[in-house]
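Trainee: This is the structure I want to talk about, given as structure tokens.
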Amino acid sequence: MTLMTFDISSGTEAPTAAPTEAPTAAPTEAPPAAAPTEAPTAATPSNGTVLSHQKVSATMGGFTGSLADSDYFGRSCSSVGGDLNGDGVLDLVVGANQDDDGAYSAGAVYILFMQTNGNVLSHQKVSATHGGFTGSLDASDDFGHSSASVGGDLNGDGVLDLVVGAHGDDDGGGSEGAVYILFMQTNGNVLSHQKVSATHGGFTGSLATSDDFGWSCSSVGGDLNGDGVLDLVVGTYGDNDGAYSAGAVYIVFMQTNGNVLSHQKVSATHGGFTVSLAENDYFGYSCSSVGGDLNGDGVLDLVVGAYGDDDGASEAGAVYILFMQTNGNVLSHQKVSATHGGFTSSLAHSEWFGASSASVGGDLNGDGVLDLVVGAHGDDDFKSNAGAVYILFFGGMSMCVQLVFLVIVVFVCILVVPNDINDV
């Protein structure tokens, strides 16, 4: 397998994708219990370079939200899982975790109803004072630090639902953390919600001070345990299993009302994960579905970032591909870092590779294998800490990795859209 590297500054033109149609209505049923055994393929294979872009900010992209100093709009971002308002265009959720609605840094998310050119048609803010959200947010809860689709429609009312992290929540102890399941309306307002924390939502995990449960959160990509209900993965990068801040993730098996049925912790000492994580590895700093079943065994798989990993250089970072079992335990894993997994990029000190990680939404280059995007916001290309993302093209079971290197400025925010929004 040939290694291909592209730099955005080279001006290499990406092939354009054939038009794809966005779903016009939110799913009315949870995804099927069985994980997909084949990766979705792109209509036209892509080499991972950027065709064009549209910035969305207080002054660009048609966004009319009132942003203030240090709101950190873009701290998290994701697809809502399809088309929320039924206009035929895919929609987004974006976190502004330092927003001061209700209390200092209580946090917020914005539902962005999009246009096919990447501009914002309209938006709905969700915070302690907006969008019908009745949760009690306190100072420094950081609601919106992570945000994602739950993978579809959790409660079966025909509308896509969301999960939002508030890692600074103090239920049970200081910064033990929480996530909120948001049952949505098509106009972007919240119909109802369910908090999941040490004291809410039926979650029985043993959280400790500064675990930061909810620092990252995502759908597992569907229904992992086959009970017909969508499941989640939630990161607690401050967990001390094995070593101080070695980190952990929780596989959260859900009920349709947003309460937790059961969970499985994955850490250096739990869940069949056989890695000896080191102090300050921060495993769980990011977590996501890989987009389906990577190894073809019929079970959904995950990617988890450990941006403090020291392979190659101090805090160069790493991600782990977790091949899962339906009970939430890890069957096997593959580490990808400067020294593991066929990844040949030279990661430097404090690149923080793995600070964000996600599926690209399927198979980008058309080889039949799911591909990933990984952030390294400490990368020094162009300027100090300008940041970068890597597109990882995976081989078969050899787990060889190809990469495309994209240089970006500011803080890396992973945007996952399940189809090509500008071709709808």
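Trainee: Out of curiosity, is VAL330 under 17 Å from the mean Cα position of the chain (by Cα) and of a type in the set (A, V, I, L, M, F, W, C)? Even if it seems obvious, please write down each step before you answer.
Mentor: Values: under 17 Å from the mean Cα position of the chain (by Cα): no; of a type in the set (A, V, I, L, M, F, W, C): yes.
In short, no.
Trainee: Please count how many residues of segment 230-248 are touching an Asp or Glu at 6+ places or on another chain (Cβ under 9 Å), crowded, with 22+ Cβ neighbours inside 10 Å and not hydroxyl-bearing (Ser, Thr, Tyr).
Mentor: 8
Trainee: Filter segment 298-318 down to the residues that are in a loop (DSSP other than H, G, I, E, B) and either of a type in the set (Gly, Ala, Ser) or open to solvent by 10 Å² or more (accessible area, probe 1.4 Å) (or both) and list them by number.
Mentor: Restricting attention to segment 298-318, the residues satisfying the condition of being in a loop (DSSP other than H, G, I, E, B) are 298-301, 307-316.
The answer is GLY298, VAL299, TYR307, GLY308, ASP310, ASP311, GLY312, ALA313, SER314, GLU315, ALA316.
Trainee: Continuing with this model, one more query. Considering only segment 206-225, state which residues are more than 23 Å from GLY95 (Cβ to Cβ) and more than 21 Å from the chain's Cα centre (by Cα).
Mentor: Matches in segment 206-225: SER206, ALA208, THR209.
Trainee: When segment 98-110 is examined, which residues are found to be open to solvent by less than 10 Å² (accessible area, probe 1.4 Å) and assigned to a loop (DSSP other than H, G, I, E, B)? Reasoning before the result, please.
Mentor: From segment 98-110, those open to solvent by less than 10 Å² (accessible area, probe 1.4 Å) are 99, 105-110; that's our starting set.
Result: ASP99, SER105, ALA106.
Trainee: Checking GLY118 against (1) buried (at least 24 other Cβ atoms within 10 Å of the Cβ); (2) within 23 Å of GLY362 (Cα to Cα); (3) not β-branched (Val, Ile, Thr), which single condition isn't satisfied?
Mentor: (1)
Trainee: Additional query: Just checking, how many residues over segment 56-69 are under 19 Å from VAL126 (Cβ atoms) and loosely packed, with under 11 Cβ neighbours inside 10 Å?
Mentor: 2
Trainee: Right, here's the next one. Here is a list of conditions, (1) over 18 Å from ALA106 (Cα atoms); (2) open to solvent by 30 Å² or more (accessible area, probe 1.4 Å), and ALA128 meets all of them except one; can you say which number that is?
Mentor: (1)
Trainee: Just one of LEU191, LEU182 is farther than 22 Å from TYR282 by Cα, in contact with a His (Cβ under 9 Å, 6 or more places away or on another chain) and either part of a strand (DSSP E or B) or open to solvent by 10 Å² or more (accessible area, probe 1.4 Å) (or both); which is it? Don't jump to the end; show me each part of the working.
Mentor: Working: LEU191 fails: in contact with a His (Cβ under 9 Å, 6 or more places away or on another chain).
After applying the criteria, what remains is LEU182.
Trainee: Turning to a different aspect of this structure: Quickly run through segment 194-211 and pick out the residues that are open to solvent by 20 Å² or more (accessible area, probe 1.4 Å) and of a type in the set (D, E, K, R).
Mentor: Listed by number, the list holds a single entry, LYS195.
Trainee: Taking segment 367-394 only, how many residues are buried (at least 18 other Cβ atoms within 10 Å of the Cβ) and small (Gly, Ala, Ser)?
Mentor: Looking only at that region, the number is 5.
Trainee: Residues in segment 330-363 that are among the aliphatic types (A, V, I, L, M), in a loop (DSSP other than H, G, I, E, B) and either open to solvent by 50 Å² or more (accessible area, probe 1.4 Å) or more than 16 Å from GLY48 (Cα to Cα) (or both): how many?
Mentor: Taking segment 330-363 and keeping what is among the aliphatic types (A, V, I, L, M), we get 330-331, 336, 338, 347-348, 355, 358, 360.
Applying the additional criterion that residues be in a loop (DSSP other than H, G, I, E, B) yields 338, 347-348, 360.
Checking which are either open to solvent by 50 Å² or more (accessible area, probe 1.4 Å) or more than 16 Å from GLY48 (Cα to Cα) (or both) leaves us with 338, 347-348.
Adding up the residues that qualify gives 3.
Trainee: Answer yes or no as to whether GLY158 is under 20 Å from ASP212 (Cα atoms) and in contact (Cβ under 8 Å) with a residue 60 or more places away in the chain.
Mentor: Details: under 20 Å from ASP212 (Cα atoms): no; in contact (Cβ under 8 Å) with a residue 60 or more places away in the chain: yes.
Answer is no for this residue.
Trainee: Which of (1) at positive phi; (2) open to solvent by 30 Å² or more (accessible area, probe 1.4 Å) does GLY214 not meet, given it meets every other one?
Mentor: (2)
Trainee: While we're on this one: So which residues in segment 217-270 are in a loop (DSSP other than H, G, I, E, B) and of a type in the set (Ser, Thr, Tyr)? Spell out the reasoning first.
Mentor: Step one: list which residues in segment 217-270 are in a loop (DSSP other than H, G, I, E, B), which gives 220-230, 237-246, 255-259, 268-269.
Listed by number, the residues that qualify are TYR237, TYR244, SER245, THR256, THR269.
The values are calculated or read from the model by the stated rules, or taken from the named source; none is laboratory data. Nothing here was measured: the structure is a model prediction, and the numbers come from that model. Positions of Cβ are backbone-derived with ideal geometry, glycine not excepted, and every protein chain shown enters the neighbour counts. Note: areas computed on protein heavy atoms with side chains; ligands, DNA, RNA excluded. Shrake-Rupley method; radii C 1.70, N 1.55, O 1.52, S 1.80 Å.
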